[in-house]
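The values are calculated or read from the model by the stated rules, or taken from the named source; none is laboratory data. All of these numbers come straight from a predicted model, not from anything done at the bench. Here Cβ is always computed from backbone atoms with ideal geometry, including for glycine, and neighbour counts include all displayed protein chains. Only protein heavy atoms, including side chains, enter the accessible area calculation; ligands, DNA and RNA are left aside. Shrake-Rupley method; radii C 1.70, N 1.55, O 1.52, S 1.80 Å.
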Amino acid sequence: MDRERLREKKVDQLDATEAKQELTYLAEEIAEADRLYHTEDAPLLTDGQYDALRRRNMALELRFPDLRREDSPTKRVGGAPSEKFAKITHAVPMLSLDNAFSDEDVAEFAKRVRRFLGIGIEEGLAITAEPKIDGLSASLRYENGVLIYGVTRGDGSVGEDITANLKTIDAIPHKLKGQDIPAVVEVRGEVFFPRSEFLALNKRQEETGGKTFANPRNAAAGSLRQLDAEITRSRNLSFFAYAWGEVSEELAPTQYDAVQRIASWGFIVNDQMQRHETIDGLLEHYASIEAQRALLDYDIDGVVYKVDRLDYQRRMGFVSRAPRWAIAHKFPAEKAKTILKDIEIQVGRTGALTPVAKLEPVTVGGVVVSNATLHNEGEIERKDVRIGDTVIVQRAGDVIPQVVGAVMELRPENTEPFVFPETCPVCGSNAVREKKENGELDAIRRCTGGLICAAQAKEQLKHFVSRNAMDIDGLGEKQVSAFFEEGMIRNAADIFQLSKIDKEKARGDRLRDRDGWGATSARNLFNAIDERRSVELHRFVFALGIRHVGETTAKLLGRHYGSFPALREAMIKAGEGDSDTWQDLLDIDGIGAIVARSVVDFFREQHNEDVLDALLAEVTPQEAEAVQSDSSVSGKTVVFTGSLERLSRSEAKNQAESLGAKVSGSVSKKTDILVAGPGAGSKLKKAEELEITIMTEDEWIALIAG
Ligand code: IVH
């Protein structure tokens, strides 16, 4: 029977021969869908179609367990493989380094090495020192001089095959130069984003409304994990070689010479590597590298010392995941002193008031800093930082610059403790510090204005259009901010009126007439917005920006209530004090009291209701995946407890929900079935007391198959 005809038949109408054929088709189609999903950015099937295939496959296997294929999609744990890239096991593990934070730590390291090797103080011990590059390590395998594959570090034992991306980097030769090339050599080093390239990339991204990166390291990581190697190529990454993995012959007698040999094959090695016989020599070089830090075109976060003789390295080996013969001497966080001119209060999406220090501009590690975070009200109180103070500002790695504290000796007379506003500086609503569960005051003060507050509304809009929420192409943070400030968009519903609003504008003022837009971009934007008038339920729920509701919770809510009207109705009912509805919400596995309270509160706010009404006039959230309403467990509340042996927990839950059952995390009078595996405890006891139907995993599977 052909594919289409077979597909039209219900699972229980298929005989064994047909089932076998159908399982073959399904395995093929799901594998192909997985492959496309993970290798292309454009998957072939919608999530709904994909899930329907998997459900059919699962139902068939439950009916004909003997026909389960070796390559069955259900044999891959948790569904589709989570990796985009193939895994490769490193022939020699990729180690990390122990850290040293002071000169004493470095002296201690050298002593340890001498002790381990039994080298007296009169004997020389050469140690190399070189910058520690702040990038991502990679291992490149060459056989007979030809690049075979390139792998990320991964967990040190297994990395990801990113050969295609690495091959786009100019500093990585596809063929090694020279005569003396070992049959097998794995060259290791750091992929990094040159600072100049990083700045250029962020500028481009900003102009095109794309995502900007916090720092070169994140940008390098993002660029390496592209499925499209052409994107990696456009990023102009670079590579420093500094180590090796498997080699078919000894490269040289020393670390220093081995690295020079690697350089002779066409690699770039760092020109700041030096070899010293004394601790003082090493520390001097450390100081010199630190002094140059701001001037280098790449980020570094310390200096790596390595015992030079490779025979020594071999004798020392490694402990857990780090070699005994090397250590990383980290730079301290960069600090500077400056004057605190003012404290400005910013309001975030959830209303948190964040004090931002306005500083006399100061250079911290090569970057001019004029703003730094003071975190929250509690932090200002604790540190007693005052306007006019000389403060210490610190910048470390990824994090935004922060004020460490005030220099009390330099405090001018007549300063006053900072008085934190008790109303929102943007909308004037009360700003309050909530009590935490332990009764203490929360360190964060929050504006209670919700969407009335322009600051919250704007941040909320940015969230609404973001990637994991409504994901509207061409509408990024920058565009939303601009439209908001101009008054074109006030709330999420306005986004869907944008094309209408634009049409009413005077010629010359329309989007297509503006700098950086043009007719095509404007049309594309309106089309992209229209495409989102129908959107998956969980995206819509997540996009609402309800406090404590992340993507996972949004999915749980969507699954449980099935449609937005059902969810809304239930939340309103729970808000009105209907205890059954409230309990039903709390019973969702994965939803606790704080989250539940927050969701219910959201629907109790009149202005949220107003925005929702306006929004629902424009957007129709899709129903959660269709559930089978005629199955034997439809409408039943099921609890899984103990360990399951044939199904994974999430598989079991998925399957039950797709058959129309509700899965709950706790046993109550409303529970219909408890599926108990080995090791079941209190839930089993409670179910026995309440005389609830208890079954084994096998019985459950038989029930849903029947
Ligand atoms: S040697 C067996 N040298 O730092 C020792 N590592 O914190 C292998 N790194 O995973 C590492 N610059 O990614 C070495 N000049 C350098 C380095 C360096 C950066 C990274 C490397 C490693 C991490 C450990």
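Summary table below
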item: Inter-centroid distance (Cα atoms) of segment 672-706 relative to segment 287-328, Å; result: 57 Å
item: Relative packing of peptides 422-430, 101-109 - highest average C-beta neighbours within 10 Å first; result: 422-430, 101-109
item: Residues with amide H under 5 Å from that of THR423, placed H, sequence gap 5 or more; result: ALA431
item: At R0 = 25 Å, FRET efficiency that the Cβ-Cβ distance of LYS669 and GLU645 yields, to 0.05; result: 0.30
item: Under 19 Å from LYS341, Cα to Cα: aspartates and glutamates that are on another chain or at least 8 residues apart; result: GLU360, GLU377, GLU379, GLU381, ASP384, ASP389, GLU409, GLU413, GLU416
item: ARG533 versus ASP105: modelled label distance in nm, points set 7 Å from Cα along the beta carbon direction; result: 6.0 nm
item: Where only alpha carbons of segment 219-352 are counted, the Rg and the Dmax (Å); result: 20.5, 63
item: Full-extension gain in nm, ARG68 to VAL146, via 0.36 nm per residue minus C-alpha separation; result: 23.8 nm
item: Above-threshold pairs, the threshold being 29 Å between Cα atoms, out of LYS87/LYS132; LYS132/LYS177; LYS9/LYS573; LYS330/LYS478; result: LYS9/LYS573; LYS330/LYS478
item: Exposure of HIS463 as accessible area (Å², to 10), given a probe of 1.4 Å and all protein chains; result: 20 Å²
item: Quotient of C-alpha Rg and 2.2 N^0.38 Å, computed over the chain; result: 1.15
item: FRET efficiency, 1/(1 + (r/R0)^6) with R0 51 Å, evaluated for TYR25 and GLN179 via beta carbons; result: 0.40
item: Pairwise FRET efficiency - ASP630 versus ALA214, Cβ, R0 = 45 Å, nearest 0.05; result: 0.30
item: Approximate spin-label separation GLU413-GLU123, in nm, with each point projected 7 Å along Cα-to-Cβ; result: 6.8 nm
item: Distance in nm between pseudo-label sites at ASP311 and ARG195 (7 Å out along the Cβ direction from Cα); result: 4.2 nm
item: Estimated vicinal HN-Hα couplings, Hz - segment 408-417 in sequence order (Karplus 6.51, -1.76, 1.60; Gly, Pro = x); result: 4, 4, 9, 5, x, 5, 6, 7, 10, x
item: Computed lengthening from GLN272 to GLU605, 0.36 nm per intervening residue step minus Cα-Cα distance; result: 113.8 nm
item: Most to least packed among 310-319, 578-587 [average Cβ atoms within 10 Å]; result: 578-587, 310-319
item: Of LYS436/LYS670; LYS358/LYS383; LYS462/LYS500, pairs whose Cα-Cα distance is over 24 Å; result: LYS436/LYS670
item: Kirkwood Rh, Cα atoms: Rg over Rh of segment 593-706; result: 1.10
item: Under 5 Å, built H, 5+ apart or other chain: amide partners of SER563; result: ALA624
item: For segment 340-359 versus segment 123-169, the gap between their alpha-carbon centres in whole angstrom; result: 42 Å
item: Most to least packed among 288-297, 236-245, 165-174 [average Cβ atoms within 10 Å]; result: 236-245, 165-174, 288-297
item: Accessible surface of the chain, 1.4 Å probe, proportion on carbon and sulfur as whole %; result: 48 percent
item: Potential extension, ASP161-ASP12 segment - 0.36 nm per residue separation minus Cα distance; result: 49.4 nm
item: Partner lysines for LYS175 [C-alpha distance under 18 Å; skip if fewer than 8 residues away on the same chain]; result: LYS167
